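A.B. asks: I have a structure I would like to understand better, so I am pasting it below and will then ask my questions one at a time.
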Amino acid sequence: MARFLPQDFLYALRTLRRSPGFFAAATLLLGLGLGANAAIFSVVRSVLLRPPPFPDSGRLVLLRARHRPNEMGTEVAIPTFLEWRRDSRSLAQIGAFGPASFNWSGREAPERLEAAQLTPGALAALGVRPSLGRLFLPDEEGPDSRVALVSFGFWKSRLAGDPAVLGRVLRLSGFDYPIVGVLPADFDFPMRDVQVWVPLRLTAGRIRDRQSRWVYAVGRLNNGVSLAAAQQEMDAVTAAQSRRDPEALANWGVRIVPLQEDIVGAVRPALLILQAAVLVILLIACANLANLQMARAVARRTETAVRLAIGASPWDLARPLLWEGAILAAGGSALGLLAARGGLPLLVRLAPDRIPRLDGIAVDGIVVALALGLAAATALVLGLLPAVSVRAATLAGDLREAGRGGAGGRFARFRRSATIFQVATSMVLVIGAGLLLRSLERLRRVDPGFGPQGVLTMETVLSPARFSDPAKAALFFRELVDRASRLPDVLAAGGVSSLPLSGSNQTEGYRIEGRPQPEPGAVPEAAYRGATPGYFRTMQIPLLGGR
């Protein structure tokens, strides 16, 4: 087989074989640098660059209610959404969605299911096609509509992939929901781990309630309509709403953002910074190896000068060096891809839950192509630098320097420059890592106002079919907390409507006795939680005054 390989390649291979320590170190350094870049790029590509799995996803937008004093985007009240749907002309379809959860009963033991509520227009806007059955019909958003769509994973794992699943009834929180369709395997809207979708039922109470903002609106722009034009139209729609109902809607508007931006906007800066950091690590590795390559070139100056003396051209001397760089880059890329492939599952497990679309991360063809492209660039760097120095070599000067044991001025200058680059970039990374660790330590020491040590939590959702009476629901929770407080080794027990730092809040407008009536649209709002008497003792929340 050797006769089919270029002689320069075989010469480079023999040269590296005589330096196994250098070859192992170089391959390991490149493998770490290329592997880190391949792994992080896999995350960046899946999270930031992959479009949502919907047809013509660039025209999908999310509409949020916007409170003008602070420009915060928030959920929408259902009557506000209905007026948006009625008055909008720039959106081909518009629908609403919100979170839900159900107790799945009728089996050996009840099970909690993560769910979502959707109007039929939301599915139409997304352009979803079911894997089996149908989607919600336009008239299935009424107060009595109870049908269900299930995820592909739920159908496969919990319903045994039964092709006759259509019409099968799920008992959810005391009500029967016939299954009408199975959604595609890649459908994860509006959040991961949703197993069941049900119609967002427009009951009489919901249609009148402008204070409960708990749904989001999703829409598809009409052909030829820009995001700016849609925003301008919806600004006019919300202005008209404010004039009709100033007490509830003064200072409220709408903010339209592309769906892709809403999904990934919060995590984009962190992922791009991480990608830049691993690129710097690869640059440091390349500078280190280039320094080592130059040192090896210095050690071979006598051999180089002799070969020049007997008639070799500078290109004859440069080709083996280029092959050495290619061999090192090939070994490093192979090791790096193996490391990236093996490390991705760990990276996904350690990633925060708020990072979307982690389930699609993989070392695919594009990631491999990127790694090979970086490897090719690295090969050129590692081969060209010594090759350029060879082409600049002077026969008499190198023989004199070799005889005196000198290091060579141009080699020394390059090595000093590479060392300075390594030290500078390494210091940037070390300082950044130190600041990050310091920030994490300061966050760890922040007093959240409660004592989380030893506190266990559970979440309970009561069936509206069995607990429609608020007094009955209150009695259930009182008995639940009382029985929990009497368990062995339990010091205290309590209940609260939303846990601290959960991101879930209920808000309500309020007025203060003895003060003038607020102007329409200027009624202050406060977030509130309902809590049982034992909650504050359980959470070790100090009382500053009163009771």
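The values are calculated or read from the model by the stated rules, or taken from the named source; none is laboratory data. None of the values given here were measured: they were computed from a predicted structure. Positions of Cβ are backbone-derived with ideal geometry, glycine not excepted, and every protein chain shown enters the neighbour counts. Just the protein is used for accessible areas: all its heavy atoms, side chains included, with ligands, DNA and RNA removed. Shrake-Rupley method; radii C 1.70, N 1.55, O 1.52, S 1.80 Å.
A.B. asks: When the convex hull of the Cα atoms of the stretch 416-463 is projected onto a plane and the area is averaged over all directions, what value comes out in nm²?
C.D. replies: 6.6
A.B. asks: Moving on. Applying 1/(1 + (r/R0)^6) with R0 = 41 Å to the Cβ-Cβ distance of Thr203 and Leu370, what FRET efficiency is obtained, to the nearest 0.05?
C.D. replies: Using R0 = 41 Å, I get an efficiency of 0.20.
A.B. asks: So what's the net charge close to Phe536: Lys and Arg +1, Asp and Glu -1, counting the other residues with Cβ under 13 Å from its Cβ? Walk me through the numbers before you get to the answer.
C.D. replies: Working: positive: Arg529, Arg537, Arg547; negative: none.
Net charge in that neighbourhood comes out at +3.
A.B. asks: If you take every residue apart from Gly451 with its C-beta less than 15 Å away from the C-beta of Gly451, what net charge results, scoring Lys and Arg +1 and Asp and Glu -1?
C.D. replies: On the way: positive: Arg444, Arg445, Arg537; negative: Asp447.
That works out to +2.
A.B. asks: To continue, here is another question. Pop out the carbon and sulfur fraction of the accessible area of the stretch 44-187 as a percent, whole number, probe 1.4 Å.
C.D. replies: Ligands and nucleic acids excluded, carbon and sulfur give 52 percent.
A.B. asks: So, one more: Rounded to two decimals, what ratio of Rg to Rh does the stretch 438-503 give with C-alpha atoms and a Kirkwood Rh? Walk me through the numbers before you get to the answer.
C.D. replies: Numbers: Rg = 16.2 Å, Rh = 14.7 Å.
Result for the stretch 438-503 is an Rg/Rh of 1.10.
A.B. asks: In debye to the nearest 20, how big a dipole does the stretch 225-272 give about its Cα centre with +1 on each Lys and Arg Cβ and -1 on each Asp and Glu Cβ?
C.D. replies: 60
A.B. asks: In nanometres, what is the gap between the two model label sites at Asp186 and Arg445, each 7 Å from Cα along Cα-to-Cβ?
C.D. replies: Roughly 4.8 nm, to one decimal.
A.B. asks: Another question, then. Near Ala204, within a Cβ-to-Cβ distance under 15 Å, what is the net charge of the other residues, with Lys and Arg +1 and Asp and Glu -1?
C.D. replies: +1
A.B. asks: Residue separation times 0.36 nm, minus the C-alpha to C-alpha distance between Val280 and Arg134: what's the value? Don't skip to the end; give the middle numbers.
C.D. replies: Working: separation 146, 0.36 × 146 = 52.56 nm, distance 5.03 nm.
Stretched out fully, the Val280 to Arg134 stretch lengthens by 47.5 nm.
A.B. asks: Have a look at Ser498, Pro516, Phe536 and report the one farthest towards the positive end of the charge dipole of the stretch 460-546, computed about the Cα centre with Cβ charges (Lys/Arg +1, Asp/Glu -1).
C.D. replies: It is Phe536.
A.B. asks: Taking 0.36 nm per residue of separation and subtracting the Cα-Cα distance, what length does fully extending Leu544 through Asn251 add?
C.D. replies: 102.0 nm
A.B. asks: Using alpha carbons only, what's the Rg to Rh ratio of the chain with Rh from Kirkwood?
C.D. replies: 1.11
A.B. asks: Separate question: First measure r as the distance between the Cβ atoms of Phe476 and Ile273, then evaluate 1/(1 + (r/R0)^6) with R0 = 56 Å and state the FRET efficiency to the nearest 0.05.
C.D. replies: Given R0 = 56 Å and the Cβ-Cβ separation, E is 0.70.
A.B. asks: In the chain, what percentage of the DSSP-assigned beta bridges are antiparallel, given to the nearest 5?
C.D. replies: Counting only bridges with both partners in the chain, antiparallel ones make up about 85 percent.
A.B. asks: Which value in Å does the Kirkwood hydrodynamic radius of the stretch 1-131 take, with 1/r averaged over all unlike C-alpha pairs and then inverted?
C.D. replies: 21.5
A.B. asks: Which one, Leu149, Val194, Ala164, is farthest towards the positive end of the dipole of the stretch 148-200 when Lys and Arg carry +1 and Asp and Glu -1 on their Cβ?
C.D. replies: Ala164
A.B. asks: Okay, next question. Dipole of the chain, Cα-centred, from +1 at each Lys and Arg C-beta and -1 at each Asp and Glu C-beta, to the nearest 20 debye?
C.D. replies: The dipole magnitude comes to about 1860 debye.
A.B. asks: Need one number: nm distance between label points at Arg50 and Ala465, each 7 Å from Cα along Cα→Cβ, rounded to one decimal.
C.D. replies: Spacing of the two 7 Å Cα→Cβ label points: 3.7 nm.
A.B. asks: How large is the translational diffusion coefficient of the stretch 147-242 in µm² per second when you combine the Kirkwood radius over alpha carbon pairs with Stokes-Einstein at 37 °C and 0.692 mPa s?
C.D. replies: My calculation gives 196 µm²/s for D.
A.B. asks: While we're here: For the stretch 85-181, treating each Cα as an identical point scatterer without solvent, what Debye log10 I(q)/I(0) comes out at q = 0.14, 0.16, 0.17 1/Å?
C.D. replies: The Debye formula, applied to the Cα set alone, gives -0.57, -0.73, -0.82.
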